[in-house]
Amino acid sequence: MTDCPLCRPEKETVLWSDARCRVILVDDPDYAGFCRVIWQQHAKEMTDLVEADRARFMAVVFAVEQVLRVLMNPDKINLASLGNQVPHLHWHVIPRFAGDAHFPDPVWATRKRDGKKAVTDHARLAEQMKRRLNELFSSQADR
């Protein structure tokens, strides 16, 4: 799909990638640590992937969640796979805090307040993401 923005990324902050997927930091000033896990090849639905690829993709999503929990200690992590606007497999992994701009609603809902902004050290986040994901897939040659 030539017009897919996830197939032809621009200006992404890639925290980790391999031949099958990449983890990027979403540029959202309200949500430090908001990550997106993107399948490298264009696919629309999880069931378009073979079972082993589905398992690997979700292992990356769960590892991203784990790193964010350890580094940021959020009140909750939101996982979302919508694809209504961009039908390319990707998961949103969003650390949430009780005082954020939309809590307890989704980040895409109407803003409830100015909200207190969480902060995270992006260099440390990238370092921890690489360490955890490289550990997870160290036995595989496609890092």
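Values as computed for the structure displayed
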| item | result |
| --- | --- |
| The range 109-137 - residue that is out of contact with any Asp or Glu (no Cβ under 8 Å at 6 or more places or on another chain), assigned to a loop (DSSP other than H, G, I, E, B) and closer than 24 Å to C21 by Cα and, of those, modelled with the highest pLDDT | D121 |
| Residue count for the range 73-94, restricted to those that are of a type outside the set (G, A, S), modelled with pLDDT of 95 or more and more than 20 Å from D18 (Cα to Cα) | 8 |
| Residue check, R22 assigned to a strand (DSSP E or B), within 25 Å of K117 (Cβ to Cβ) and basic (K, R) | no |
| Hey, E127 farther than 29 Å from C4 by Cα, among the acidic types (D, E) and without any contact (Cβ under 8 Å) to a residue 40 or more places away in the chain or not | no |
| Any hit, the range 19-37, residues being within 21 Å of F103 (Cβ to Cβ), surrounded by 14 or more Cβ atoms within 10 Å (Cβ to Cβ), modelled with pLDDT under 95 and charged (D, E, K, R) | yes |
| Qualifying residues in the range 33-68 (those that are assigned to a helix (DSSP H, G or I), touching a Cys at 6+ places or on another chain (Cβ under 8 Å) and not aliphatic (A, V, I, L, M)) - the one farthest from P87 (Cα to Cα) | R56 |
| Subset of the range 73-104 [in contact (Cβ under 8 Å) with a residue 12 or more places away in the chain, surrounded by fewer than 19 Cβ atoms within 10 Å (Cβ to Cβ) and aliphatic (A, V, I, L, M)] | I77, L79, A80, V86, A98 |
| Some residue of the range 111-124 being touching a helix residue (DSSP H, G or I) at 6+ places or on another chain (Cβ under 9 Å), surrounded by fewer than 18 Cβ atoms within 10 Å (Cβ to Cβ), over 19 Å from P29 (Cα atoms) and not β-branched (V, I, T) | no |
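The values are calculated or read from the model by the stated rules, or taken from the named source; none is laboratory data. All values derive from a computational prediction rather than experimental measurement. In this analysis, Cβ positions are derived from the backbone assuming ideal geometry, glycine residues included, and neighbour counts consider all displayed protein chains.
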